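Beneath this line is the structure, given in structure tokens, with notes to follow.
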Amino acid sequence: MARELIKETALELAGTWVAVRLFRNNRARRVILRLDEGADGGTGVIVTLPNRASQKEGLALVLDKADWILNQLDERLPRVPFADGETVPFFGVDYRIRSIAGGRGVVRCEGAEILVAGRPEHLVRRVKDWFKLQAREQIAPRVRDKAQALDRRPGRITIRDTKSRWGSCSHDGNLSFCWRLVMAPEAVLDYVVAHEVAHLAELNHGPKFWHWVGELTADVAGAKKWLRLNGEALHRYG
């Protein structure tokens with residue numbers, strides 16, 4: 001048989017669990033990765049391995065191509081633009097975007113709406129800038145407080161739009177976070193901040209690391225589950 005299923009598993013990519021099926025094909029000349037177009041609606045990936053390649057190499061390719069995989073999966077979700085009348089989440093609660101006349105581009109949250117003043121053609125940029133600002137204002141003080149609890153000093157805090165991970169901590173203590181975290185429930189954002197700050201004390205994911213995460217945030221298991229089930233959908237907004 002030229003093609004044989006040898007492993008079924010799942011890998012976590014930026015909080016999204018992606019099904020992975022590894023096949024061995026004695027006719028293949030290189031490791032091949034493609035989206036799974038099977039009955040699951042294309043929510044997984046298939047890795048085809050030649051005889052000389054190991055399962056470890058196949059799984060490493062999935063991790064290396066995380067951005068591409070998440071981009072492809074993201075394109076399959078219905079897009080929700082930042083536009084007048086559209087509904088977007090803020091801290092896990094849905095708000096309707098409403099363009100209002102007058103003002104100088106001020107964005108504010110009022111009732112169940114995100115009100116955007118200024119010229120309509122600038123609405124998209126203003127809403128995105130507002131979300132980024134909210135993310136920084138929520139994340140930066142949490143980083144400082146949690147780092148102080150560990151008697152550590154954080155480096156630079158960067159807010160970006162990343163798809164392969166919700167946050168990161170470099171060896172020199174610089175921290176980076178995805179601004180879309182502010183769309184998730186507050187407990188989820190708090191967990192991601194705790195996760196990255198804990199890396200200031202432990203750069204691995206060993207028992208000590210998870211001990212510190214548990215000390216810094218209230219619901220580790222719940223936040224991880226929420227990201228696994230809902231994290232990918234946050235990338236469809238805007």
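Please indicate, with yes or no, whether at least one residue in segment 79-97 is in contact with a helix residue (DSSP H, G or I) (Cβ under 9 Å, 6 or more places away or on another chain) and closer than 30 Å to LYS7 by Cα. For segment 79-97, residues in contact with a helix residue (DSSP H, G or I) (Cβ under 9 Å, 6 or more places away or on another chain) and closer than 30 Å to LYS7 by Cα: absent.
In this structure, ARG136 does satisfy being under 30 Å from GLU215 (Cβ atoms) and in a helix (DSSP H, G or I). Of all the residues in segment 169-204, those that are at negative phi and not in a helix (DSSP H, G or I) number 17.
Among the residues of segment 116-129, those identified as of a type outside the set (D, E, K, R), under 14 Å from ALA83 (Cβ atoms) and either free of Cβ contacts under 8 Å to residues at least 24 places away in the same chain or outside any helix (DSSP H, G or I) (or both) are VAL116, HIS122.
Per the listing ALA135, ALA66, ALA60, ALA53, the residue uniquely under 21 Å from TRP179 (Cβ atoms) and not assigned by TED's automatic domain parsing to the domain that holds ALA223 is ALA66. Please verify whether segment 161-168 includes one or more residues that are exposed (fewer than 14 other Cβ atoms within 10 Å of the Cβ), on the phi < 0 side of the Ramachandran plot and not in a helix (DSSP H, G or I). Yes.
Contact map, segment 210-234: residues that are closer than 17 Å to PRO89 by Cβ paired with residues that are among the β-branched types (Val, Ile, Thr) and surrounded by 18 or more Cβ atoms within 10 Å (Cβ to Cβ), Cβ distance under 6 Å, separation 6+ or inter-chain. Pairs shown: ALA223/VAL188; TRP226/VAL188; GLY231/THR16; GLU232/THR16.
Residues in segment 37-59 that are at pLDDT 90 or above, farther than 15 Å from ALA2 by Cβ and surrounded by fewer than 13 Cβ atoms within 10 Å (Cβ to Cβ): ARG52, SER54, LYS56. Scanning segment 182-238 for residues being β-branched (Val, Ile, Thr) and closer than 15 Å to ALA149 by Cβ gives a total of 4. Is there a residue in segment 133-144 that is surrounded by 16 or more Cβ atoms within 10 Å (Cβ to Cβ), touching an Asp or Glu at 6+ places or on another chain (Cβ under 6 Å) and of a type outside the set (A, V, I, L, M)? Within segment 133-144, not a single residue is surrounded by 16 or more Cβ atoms within 10 Å (Cβ to Cβ), touching an Asp or Glu at 6+ places or on another chain (Cβ under 6 Å) and of a type outside the set (A, V, I, L, M). When you look at GLU196, is it in contact (Cβ under 8 Å) with a residue 24 or more places away in the chain, out of contact with any helix residue (DSSP H, G or I) (no Cβ under 7 Å at 6 or more places or on another chain), closer than 22 Å to PHE131 by Cβ and surrounded by 18 or more Cβ atoms within 10 Å (Cβ to Cβ), yes or no? Spelling it out, GLU196 is indeed in contact (Cβ under 8 Å) with a residue 24 or more places away in the chain, out of contact with any helix residue (DSSP H, G or I) (no Cβ under 7 Å at 6 or more places or on another chain), closer than 22 Å to PHE131 by Cβ and surrounded by 18 or more Cβ atoms within 10 Å (Cβ to Cβ). Checking every residue in segment 142-159 against the condition of being free of Cβ contacts under 8 Å to residues at least 60 places away in the same chain, assigned to a strand (DSSP E or B), in contact with a Phe, Trp or Tyr (Cβ under 9 Å, 6 or more places away or on another chain) and under 19 Å from VAL88 (Cα atoms) gives zero matches.
State whether the residues of segment 192-209 include one that is more than 30 Å from VAL106 (Cα to Cα) and of a type in the set (Phe, Trp, Tyr). Yes. State all residues of segment 90-105 that are at pLDDT 95 or above and aliphatic (A, V, I, L, M); if no residue qualifies, say none. Hits for segment 90-105 are VAL93, ILE97. Inside segment 63-108, residues that are within 24 Å of the chain's Cα centre (by Cα), surrounded by fewer than 13 Cβ atoms within 10 Å (Cβ to Cβ) and in a strand (DSSP E or B) make up a count of 2. For ARG153, the stated conditions do not hold, so it cannot be described as of a type outside the set (Gly, Ala, Ser) and within 30 Å of ARG96 (Cα to Cα).
The values are calculated or read from the model by the stated rules, or taken from the named source; none is laboratory data. Just so we're clear, the structure is a prediction, and the values are computed from it rather than from any experiment. Glycine also receives a Cβ, built like all others from the backbone with ideal geometry; neighbour counts cover every protein chain displayed.
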